[in-house]
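> Take a look at the following structure, please.
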Amino acid sequence: MRRNFPIFLILVACLLVPLKTVSAQDLTDNVSRRISERIQMKLTQAARGITLHHGSSLLPRFYVNRAYAPAWIGMSGPLPRALALAEAVGNASMEGLTANDYHSETIAALMSRIAADKAMGAVSPDQAADLDLVLTDAFLTYASHLLSGRVNPEELQSEWYIKGRKRDLLKVLETALMQDSVEETLVSLKPPHSGYEKLAAALSHYRDIVRKGGWPQLSPGPLLKRGDRGARVKELRAFLLATGDHPASTEKVKSRRFEEDLETGVMQFQSRHGLKVDGAVGPATLRAMAVPAAERLQQIEVNMERWRWLPAEFGERNVQVNIAGFTLSVIENDFTLMSMRAIVGKDFQKTPVFSGRITDVELNPYWNIPSSIASTEMIPEIRKDRAYLAKNKIRVYRGWGPSARRINPSSINWSKVTGKNLPFRLRQDPGPKNPLGAVKFLFPNKYDVYVHGTPFHGLFERDSRGFSHGCIRIESPVELAEYLLHDPADWSSESLFAAIKSGKNLSIRLSDPVPVHILYFTAWVDETGTVHFRDDVYGHDDILARALGEPLLAGEQIGPTSADEK
């Protein structure tokens, strides 16, 4: 781990300066007594003290369980584990977090005062007790954030329904102290996914780019393409060199001609930003290039936080949908076997984030039209054209299940049917006009969201594909069905196409249900190490970035600090 050297040197000084006049036992006894006093007074005796995040909850339980014995102060002052924790929280920025959320400056200041006091021959038990409490609070807070995120997603984002990781933090701390493994324990609490590790590496790289001034901005102007010349071409070359999309080339670094190598660099940039890959710098590509490096850095931090919200296990064999990336991918042992374009919910009919298990593959599915769609989209068409239902092979039923009774549409006065009094169910037969396409994948969930095909393939050519009512449409449903069924003898691609061509509805139960995770990532790193960015189609990034920038909720206080002591 990279060290925060000022803090490191302060702590080394604390540990190495011998204690001259205060006996070891007296120090630990006095610190224990001060901790007990602070805990029993609920840590609130100072008007200007040190804010603790767990002062009224976990801290009292932790110290009561150990009879108020200090956890980080030993017979000669701060223990080596205090150094390890201070160094770890001092490097919290490597995880996209803020060191001062974990008392980094306060710890350094207390350590410095204790080191100075030890050099003079005495240590204040009050400062040592403050340091012990602050270090414990820092561990609990940092451990909590590494484990499940700094922000609660359910309070922030109404469409997030995945449950993350949970641990008993007091047991985690007690074990770390007993095994003297503070740093290793904190590392073990980070998300175990390679996606998180790759973003952390990208975070460091983009922080270096920002530190160096970011990348140059292109001047506005018309379309830039191969064969063009001029100052904007030179700007483009400098931009792609800074972003890493164009390899450094000393003989061409000042070239004003748009040649093949520059076209290749533009295509690389377009590919990793989800744009049409044509090698020309048009309006959409220019907008993406105008995003400053600092915003891309923040985008990485936001998506690292999302990884901390996720469960530890996705399943060795699983399906992942990235809403913001408009893709569905099949993953085995952390390797992408196949990936295809997807269409997701509109901004006002957002696809939720949740996990499920695909249990059935349905060929030639019926579409039971949701009442919201029936009332707002179908009934107005029926009123205009009484043949609308027949043309689209839509039947009308009263009730559900085997006992549902089919109704003659001509017997209904559609002018009096509204969304509030829709007593019927509309169901569309399988066929070329059915919006579910030829295959539907079911994973039971309370959101009534599933994956399916579509007859409208032209929409897959769009860069931004938020067109559905919340379900996920995919471009290659037969390929996904063949993979999930995992039965080349009975369900090869040929047999699947033959079954679809028959037009008959058929539901096939999977012998081994496959986990499916509907996720939302606007930044990620692929298996080649390429960093990808996407537009924040639902506006979640800005909300989360603001939340990550807000101070932590005020907790209890300990005090006074030595600056307040008389």
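The values are calculated or read from the model by the stated rules, or taken from the named source; none is laboratory data. If you're wondering where the values come from, they're calculated on a predicted model, not measured in any experiment. Virtual Cβ from ideal backbone geometry, glycine too; neighbours counted across all protein chains shown.
> Would you confirm whether any residue within segment 62-79 is over 37 Å from the mean Cα position of the chain (by Cα) and among the hydroxyl-bearing types (Ser, Thr, Tyr)?
Within segment 62-79, one or more residues are over 37 Å from the mean Cα position of the chain (by Cα) and among the hydroxyl-bearing types (Ser, Thr, Tyr).
> Would you mind stating whether GLU197 is surrounded by 13 or more Cβ atoms within 10 Å (Cβ to Cβ), charged (D, E, K, R), out of contact with any Cys (no Cβ under 8 Å at 6 or more places or on another chain) and without any contact (Cβ under 8 Å) to a residue 12 or more places away in the chain?
Answer is yes for this residue.
> Inside segment 85-107, can you point out the residues that are buried (at least 20 other Cβ atoms within 10 Å of the Cβ) and either at pLDDT below 95 or farther than 22 Å from ALA202 by Cα (or both)? Let's see the steps before the verdict.
Residues of segment 85-107 that are buried (at least 20 other Cβ atoms within 10 Å of the Cβ), as a first pass: 85-90, 92, 95-97, 99, 102-104, 107.
LEU85, ALA86, TYR102, HIS103, SER104, ILE107, listed by residue number.
> Among the residues of segment 496-535, which ones are among the small types (Gly, Ala, Ser), in contact with a helix residue (DSSP H, G or I) (Cβ under 9 Å, 6 or more places away or on another chain) and over 25 Å from GLU295 (Cβ atoms)? Spell out the reasoning first.
Of segment 496-535, the ones among the small types (Gly, Ala, Ser) are 498-499, 502-503, 507, 511, 523, 529.
Next cut, in contact with a helix residue (DSSP H, G or I) (Cβ under 9 Å, 6 or more places away or on another chain) only: 511, 523, 529.
Correct list: SER511 only.
> Here is a further query. Within the set of pairs 6 or more residues apart or between chains, which connect a residue that is part of a loop (DSSP other than H, G, I, E, B) inside segment 451-467 to a residue that is of a type in the set (Gly, Ala, Ser) with Cβ atoms less than 8 Å apart?
As it stands, the answer is GLY453/GLY437; GLY453/ALA438; THR454/GLY437; PRO455/GLY437; ASP463/GLY274; ASP463/ALA284; ARG465/ALA342, since those pairs meet every condition given.
> Just a yes or no: is a residue in segment 394-403 free of Cβ contacts under 8 Å to residues at least 12 places away in the same chain and not in a loop (DSSP other than H, G, I, E, B)?
Among the residues of segment 394-403, not one is free of Cβ contacts under 8 Å to residues at least 12 places away in the same chain and not in a loop (DSSP other than H, G, I, E, B), which makes the answer no.
> Still on this model: Looking at this structure, is THR285 of a type in the set (Ser, Thr, Tyr), crowded, with 18+ Cβ neighbours inside 10 Å and either assigned to a helix (DSSP H, G or I) or in contact with a Cys (Cβ under 9 Å, 6 or more places away or on another chain) (or both)?
Numbers: of a type in the set (Ser, Thr, Tyr): yes; crowded, with 18+ Cβ neighbours inside 10 Å: yes; either assigned to a helix (DSSP H, G or I) or in contact with a Cys (Cβ under 9 Å, 6 or more places away or on another chain) (or both): yes.
So THR285 passes the test.
> Please enumerate the residues belonging to segment 543-557 that are among the acidic types (Asp, Glu) and at pLDDT 95 or above.
Answer for segment 543-557, where residues must be among the acidic types (Asp, Glu) and at pLDDT 95 or above: there is none.
> Sticking with this one: With ALA374, ALA390 as the choices, which residue is without any contact (Cβ under 8 Å) to a residue 24 or more places away in the chain, outside any loop (DSSP other than H, G, I, E, B) and surrounded by 11 or more Cβ atoms within 10 Å (Cβ to Cβ)?
Details: ALA374 fails: without any contact (Cβ under 8 Å) to a residue 24 or more places away in the chain.
None of the other options fit; the residue is ALA390.
> Can you pull out every residue in segment 435-450 that is surrounded by 14 or more Cβ atoms within 10 Å (Cβ to Cβ) and either in the same structural domain as SER372 (by TED's automatic domain parsing) or not in a strand (DSSP E or B) (or both)?
PRO435, LEU436, GLY437, ALA438, PHE443, ASN445, TYR447, VAL449, TYR450
> Continuing with this model, one more query. Can you pull out every residue in segment 186-211 that is of a type in the set (S, T, N, Q) and more than 15 Å from ASN91 (Cβ to Cβ)? Walk me through how you get there before you give the answer.
Applying the first criterion (of a type in the set (S, T, N, Q)) to segment 186-211 yields 188, 194, 204.
Those that are of a type in the set (S, T, N, Q) and more than 15 Å from ASN91 (Cβ to Cβ): SER188, SER194.
> Hey, does segment 406-413 have a residue that's closer than 30 Å to ARG272 by Cβ and surrounded by 14 or more Cβ atoms within 10 Å (Cβ to Cβ)?
No, every residue in segment 406-413 fails to be closer than 30 Å to ARG272 by Cβ and surrounded by 14 or more Cβ atoms within 10 Å (Cβ to Cβ).
Conditions tested, residue by residue: (1) buried (at least 23 other Cβ atoms within 10 Å of the Cβ); (2) among the basic types (Lys, Arg); (3) more than 26 Å from the chain's Cα centre (by Cα).
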site	(1), (2), (3)
ALA109	no, no, yes
VAL123	yes, no, yes
PHE139	yes, no, no
VAL172	no, no, no
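> If you take the residues of segment 484-516 that are free of Cβ contacts under 8 Å to residues at least 40 places away in the same chain and closer than 15 Å to GLY453 by Cβ, which of them is nearest to the chain's Cα centre (by Cα)?
Among residues in segment 484-516 that are free of Cβ contacts under 8 Å to residues at least 40 places away in the same chain and closer than 15 Å to GLY453 by Cβ, the one nearest to the chain's Cα centre (by Cα) is SER493.
> Of the residues SER464, SER511, SER476, SER468, which is farther than 21 Å from THR327 by Cα and either in contact with a Phe, Trp or Tyr (Cβ under 9 Å, 6 or more places away or on another chain) or hydroxyl-bearing (Ser, Thr, Tyr) (or both)?
Step by step, each of SER464, SER511, SER476, SER468 is checked, and only SER511 is farther than 21 Å from THR327 by Cα and either in contact with a Phe, Trp or Tyr (Cβ under 9 Å, 6 or more places away or on another chain) or hydroxyl-bearing (Ser, Thr, Tyr) (or both).
> Restrict the check to segment 357-377 and report whether at least one residue is in contact with a Pro (Cβ under 9 Å, 6 or more places away or on another chain), closer than 30 Å to VAL525 by Cβ and either modelled with pLDDT under 95 or hydrophobic (A, V, I, L, M, F, W, C) (or both).
Yes, there is a match, as at least one residue in segment 357-377 is in contact with a Pro (Cβ under 9 Å, 6 or more places away or on another chain), closer than 30 Å to VAL525 by Cβ and either modelled with pLDDT under 95 or hydrophobic (A, V, I, L, M, F, W, C) (or both).
> Could you please tell me which pairs satisfy a Cβ distance under 7 Å, a separation of 6+ or placement on different chains, a first residue in segment 206-228 that is touching a residue at least 12 places away in the same chain (Cβ under 8 Å), and a second residue that is in a loop (DSSP other than H, G, I, E, B) and of a type in the set (Gly, Ala, Ser)?
What qualifies is GLN217/ALA290; LEU223/ALA280; LEU223/GLY282; LEU224/ALA280; LYS225/ALA280; ARG226/GLY279.
> Looking only at segment 451-466, count every residue that is buried (at least 17 other Cβ atoms within 10 Å of the Cβ) and touching a Gly at 6+ places or on another chain (Cβ under 9 Å) and tell me the total.
Residues meeting the conditions: 4.
> Can you tell me which of (1) small (Gly, Ala, Ser); (2) in a helix (DSSP H, G or I); (3) modelled with pLDDT of 95 or more; (4) farther than 20 Å from GLU305 by Cα is the one ALA119 doesn't meet?
(3)
> Out of ILE500, ILE508, I need the residue that is assigned to a strand (DSSP E or B) and either within 15 Å of VAL344 (Cα to Cα) or modelled with pLDDT of 95 or more (or both). Which one?
On inspection, the qualifying residue turns out to be ILE508.
> I want to confirm something. Restricting to segment 284-328 and keeping residues that are under 10 Å from the mean Cα position of the chain (by Cα) and among the aliphatic types (A, V, I, L, M), which single residue is farthest from THR141 (Cα to Cα)?
ILE300
> Take segment 487-519 and flag every residue that is closer than 30 Å to LYS163 by Cα and among the hydrophobic types (A, V, I, L, M, F, W, C).
Correct list: ILE508, LEU510, VAL514, VAL516, ILE518, LEU519.
> If we keep just the residues of segment 332-360 that are without any contact (Cβ under 8 Å) to a residue 60 or more places away in the chain and within 23 Å of PHE456 (Cβ to Cβ), which is surrounded by the fewest Cβ atoms within 10 Å (Cβ to Cβ)? Break it down stepwise before answering.
First, the residues of segment 332-360 that are without any contact (Cβ under 8 Å) to a residue 60 or more places away in the chain: 332-333, 339, 348.
Filter once more, keeping what is within 23 Å of PHE456 (Cβ to Cβ): 339, 348.
On the way: SER339: 16, PHE348: 8.
The selected residue is PHE348.
> Filtering segment 254-276 down to residues that are closer than 21 Å to GLY221 by Cβ and assigned to a loop (DSSP other than H, G, I, E, B), which residue is modelled with the lowest pLDDT?
Among those residues, the one meeting the criterion is LYS254.
> On to the next question. Determine if segment 268-277 includes at least one residue that is closer than 22 Å to THR327 by Cα and in contact with a Leu (Cβ under 7 Å, 6 or more places away or on another chain).
Scanning segment 268-277, I find at least one residue that is closer than 22 Å to THR327 by Cα and in contact with a Leu (Cβ under 7 Å, 6 or more places away or on another chain), so the answer is yes.
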